[in-house]
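Comments concern the structure below.
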Amino acid sequence: MSIMIERAHAYDAKEILALQKLVYLSEAAIYNDYSIEPLVQPLEEVKAQFIDHVFLKAVDGETIVGSVRARLIEETCYIGKLIVHSSYQNKGIGKQLMAEMESCFNTCSRYELFTGNKSEKNLQLYKKIGYKTFRTKSIDENVSLVYLEKLAGIQ
């Protein structure tokens with residue numbers, strides 16, 4: 001298996017969205033909520049994000065097996081929707097995507113992302129690569145969003 005991390009382009013939007021919807025089914029199951037934004041996001045919105053976001057893709061041959069997107073606002077790089085196909089998880093692809101995204105924004109002062117409080121695998125990965133919780137926001141009695149940050153230059 002030879003995975004390449006590359007810059008994605010708007011013509012990849014449909015394949016990225018299909019992967020996003022597949023991957024986020026497991027998140028929806030954790031929270032018993034199949035109306036979460038990644039599952040209902042329209043293709044037009046993903047295409048529009050290519051204007052102000054950097055998209056990376058992990059490619060195995062011709063197939064996109066992972067992706068992440070981010071954008072810079074002032075001094076902060078906001079990272080979102082890190083996805084890796086279930087058949088490719090636990091092989092370091094998520095870490096590779098995150099490292100490459102951080103290098104794309106190597107002039108910012110900090111990186112920020114969020115995940116759900118019950119998304120233990122996500123929380124483990126982010127903490128393993130240097131992210132620290134700085135805020136938790138309650139959505140309802142069952143769900144909180146955990147906001148994590150990493151200061152630039154910290155491994």
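Brief remarks follow.
- Put a plus charge on the Cβ of each Lys and Arg, a minus charge on the Cβ of each Asp and Glu, and nothing anywhere else: the dipole of the chain about its Cα centre is then about 460 debye.
- (1) 18; (2) 44; (3) 30, with the label sought being that of the calculated percent of Cα pairs over 27 Å apart: (1)
- One Cα centroid belongs to the range 49-102, the other to the range 12-37; the line between them spans 15 Å.
- Highest-fluctuation residue, Gly116, Gly94, Gly61 considered, GNM on the chain with Cα pairs under 10 Å: Gly61
- Between the residues Leu82, Ala8, Leu43, the greatest Cα displacement towards the positive end of the dipole of the range 7-84, with unit charges on the Cβ of Lys, Arg, Asp and Glu, is found for Ala8.
- Antiparallel DSSP beta bridges within the chain, as percent of all bridges there, nearest 5: 90
- Rounded to the nearest whole Hz, the Karplus-based 3J(HN,Hα) values (6.51 cos²θ - 1.76 cosθ + 1.60, θ = phi - 60°) of the range 92-103 follow the sequence x, 5, x, 4, 4, 4, 5, 4, 5, 5, 4, 6, with x at glycine and proline.
- Too-long pairs where the Cα-Cα distance tops 20 Å, listed order kept, from Lys95/Lys137; Lys91/Lys121; Lys57/Lys127: Lys95/Lys137; Lys57/Lys127
- Taking label positions 7 Å along the Cα-Cβ direction at both Thr63 and Thr107, the computed distance is 3.8 nm, reported to one decimal.
- What the phi angles of the range 136-144 give under the Karplus curve with 6.51, -1.76 and 1.60, with θ = phi - 60°, is a coupling list of 10, 10, 6, 9, 7, 5, 10, 10, 10 Hz, glycine and proline written as x.
- When the solvent-accessible area of the chain is split by element, carbon and sulfur atoms take up 50 percent of it, the probe being 1.4 Å.
- The chain: calculated mean residue ellipticity at 222 nm from DSSP helix runs of at least 4, using -39500 (n - 2.57): -9500 deg cm²/dmol
- Phi-derived couplings, Karplus 6.51 cos²θ - 1.76 cosθ + 1.60 at θ = phi - 60°, listed residue by residue for the range 29-46: 5, 4, 9, 6, 9, 9, 10, 5, 3, x, 8, 10, 4, x, 4, 4, 5, 4 Hz, with x used for Gly and Pro.
The values are calculated or read from the model by the stated rules, or taken from the named source; none is laboratory data. Since the model is a prediction, treat every value here as computed from it, not as a measurement. When we count neighbours, we look across all protein chains shown, and the Cβ atoms used for this are built from the backbone with ideal geometry, even at glycine. In case anyone asks, the SASA skips ligands and DNA or RNA and just uses the protein heavy atoms, side chains included. Shrake-Rupley method; radii C 1.70, N 1.55, O 1.52, S 1.80 Å.
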